[in-house]
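Data block below; observations after.
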Amino acid sequence: MKRILTASLHHESNSFNPIITGRDDFSIQYGSELFSVLNDSDSISGVVKTLQDAGYELVPTVCARAVPNGLVSKELYLELKEEILVRARAAQKEAAIDALCLSLHGSMRIEEIGEAEGDLLESLREIFPTLPLFSSLDMHTTYSQRMHDFSDGYVGYKCAPHTDCFETGVHAARMTIAALEQGVKPVSAWVRVPFLVAGEKSETSTEPMKTLMNALRESEKHDGVMAANYLMGFPWADSPDSSVAVLVVTEEDESLARSEAVRLANLFWSHRGDFQFHTETYSQEEALNVAFQAVNEGPTPVYLSDSGDNPTAGSSGDCTNFLKLIVKDKKTGSLEQPILYGGFFDPESVTKCSDKVGEILELEIGAAFDIMTSSSLKMIGRVKAFLPAWGVYKSDLALFSSGGVEIVLTSKHIGFVDPQMFRDLGADPAQRQIVVCKLGYLTAMQKTVARRSIMALTEGSSNEDLGSLNYSLIPRPIYPLDNFDFESENMVCIHGRQRRGC
Ligand SMILES: [Zn+2]
């Protein structure tokens, strides 16, 4: 039975957020623990199940995942990497490994080190210099030459929100099987398209992404194309690799890889002016006014996104500027139902709420981590609910009611992606007039409740106004910060098993 080594590292690291993401933020499985967390919605499960169903023996090393946040701790990353390498060497000693098939994010960044993926792959290639090595990637991968040089091919998600993670894992597994069973020696070509774009302008159900993603699917129908990708990058990390990348992997066909990569890069560039917000979007003051007006017009709930401080885009989740605006507004107190606000990453306040349900407390909410964007807000109010160890990341949750707002406080840095969080705290969002979430575009789950969605352009380390971010490492020129001409033909890098680098 052929043996395939696997590992999974998933983190989207926001370099503008001062929090260092550490061990407590990660859900980590070592070795065979991976088999107990398989599901039908993530890429590592797609990789493992497909290869097992095809009769391969899977050798799992480490699977680690955390909610997007600031850069990952160097100490933690080096420990995880060492664990992967030690397990890889031990497995190889036991019986020969035949291939590697991984599930990586592509925008995981480590304090003092930089990109995680290229670093890990380079080390794995020292142990397995010639074996087929493939990986699935997140669509928001920040692709680098190092990633390109040390792998045989990648396939990224084609849907944002990411509803095709499992299928992408299946696709990566099939590329691995093709290399093992048909002796395919992949050749890939990539083009850096100097472009920065926020996820809120690039949902794949909207244009121009719909057209672009369909072009990838059409390209993959060509004989010899193993995968065609738009890797969109991650604008809230200042990195020398920040950009969109087009990556085409073919079966040993350099000229096809090159021509498809150039064609898809030109197609992307031709749509550069078409990216825009598809949610109603306003300044924070205007967004709040429009929301109050929408309540009068109905139907409700009206959802408001506090988009500049979105923990699922790696922001700290503790910026208070939008909360202050809401509390100050007289219209807040005149609503029939308190505004529901999900929420604030505030471990200290959560601890204070523990065992205090029903009691009146004074809390200093927010700004414990991102002290540059806002200051904490003193609020006197009642603890309405407390839940220990909620969800996958086992965050304690408190619901705190003050000044016409009910605020969810979390002990872990988690996203406000699921309305069930509100329900579990005894607050049904469907019964509220206004629900605020620290999110950009709404998740599919929140959308099922929202009757209208408004995005507020607020401050924080996921600020949607990319021009306001303090980039120093991103290579210029880059669109839309600069105006320039782009020649994709001059930007192609080829890589095959026999041929490395540009
Ligand atoms: Zn993503």
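Taking the criterion of being more than 24 Å from the chain's Cα centre (by Cα) and either assigned to a loop (DSSP other than H, G, I, E, B) or charged (D, E, K, R) (or both), the residues of region 127-150 that qualify are 128, 129, 130, 131, 132.
Any residue at all in region 165-182 that is within 12 Å of the ligand (Cβ to nearest atom), assigned by TED's automatic domain parsing to the domain that holds residue 261 and either of a type in the set (Gly, Ala, Ser) or modelled with pLDDT of 95 or more (or both)? Yes, region 165-182 contains a residue that is within 12 Å of the ligand (Cβ to nearest atom), assigned by TED's automatic domain parsing to the domain that holds residue 261 and either of a type in the set (Gly, Ala, Ser) or modelled with pLDDT of 95 or more (or both).
I'd like to know if region 441-459 contains one or more residues that are in contact with a helix residue (DSSP H, G or I) (Cβ under 7 Å, 6 or more places away or on another chain), surrounded by fewer than 20 Cβ atoms within 10 Å (Cβ to Cβ) and of a type in the set (Asp, Glu). Checked against the condition, which is being in contact with a helix residue (DSSP H, G or I) (Cβ under 7 Å, 6 or more places away or on another chain), surrounded by fewer than 20 Cβ atoms within 10 Å (Cβ to Cβ) and of a type in the set (Asp, Glu), region 441-459 yields no hits at all. Quick check: is even one residue across region 221-242 surrounded by 24 or more Cβ atoms within 10 Å (Cβ to Cβ), at pLDDT 95 or above and in contact with a His (Cβ under 6 Å, 6 or more places away or on another chain)? Scanning region 221-242 turns up at least one residue that is surrounded by 24 or more Cβ atoms within 10 Å (Cβ to Cβ), at pLDDT 95 or above and in contact with a His (Cβ under 6 Å, 6 or more places away or on another chain).
In region 204-221, the condition of being of a type in the set (Gly, Ala, Ser) and within 16 Å of the ligand (Cβ to nearest atom) is met by at least one residue.
Taken over region 155-171, the criterion of being touching an Asp or Glu at 6+ places or on another chain (Cβ under 8 Å), crowded, with 21+ Cβ neighbours inside 10 Å and outside any helix (DSSP H, G or I) is satisfied by 156, 157, 158, 160. When residues in region 111-128 are screened for being more than 16 Å from the ligand (Cβ to nearest atom) and either closer than 22 Å to residue 60 by Cβ or among the small types (Gly, Ala, Ser) (or both), 12 of them pass.
Residues of region 63-79 that are under 19 Å from residue 43 (Cβ atoms) and surrounded by fewer than 21 Cβ atoms within 10 Å (Cβ to Cβ): 65 alone. Residue 174 meets each of the listed conditions (1) part of a helix (DSSP H, G or I); (2) closer than 20 Å to residue 268 by Cβ apart from (2). Here 188, 219 are screened, and the one residue that is assigned to a strand (DSSP E or B), more than 30 Å from residue 454 (Cα to Cα) and of a type in the set (Ser, Thr, Tyr) is 188. Screening residue 43 against (1) of a type in the set (S, T, N, Q); (2) out of contact with any strand residue (DSSP E or B) (no Cβ under 6 Å at 6 or more places or on another chain); (3) within 22 Å of residue 175 (Cβ to Cβ) leaves a single unmet condition, (2). For region 460-493: of the residues being farther than 30 Å from residue 258 by Cα and of a type in the set (Ser, Thr, Tyr), which is surrounded by the most Cβ atoms within 10 Å (Cβ to Cβ)? Looking at the filtered set, the residue picked out is 462.
The values are calculated or read from the model by the stated rules, or taken from the named source; none is laboratory data. Remember, predicted model here, so these are calculated numbers, not experimental data. Cβ sites come from the backbone with ideal geometry, for glycine too, and all protein chains shown count toward neighbours.
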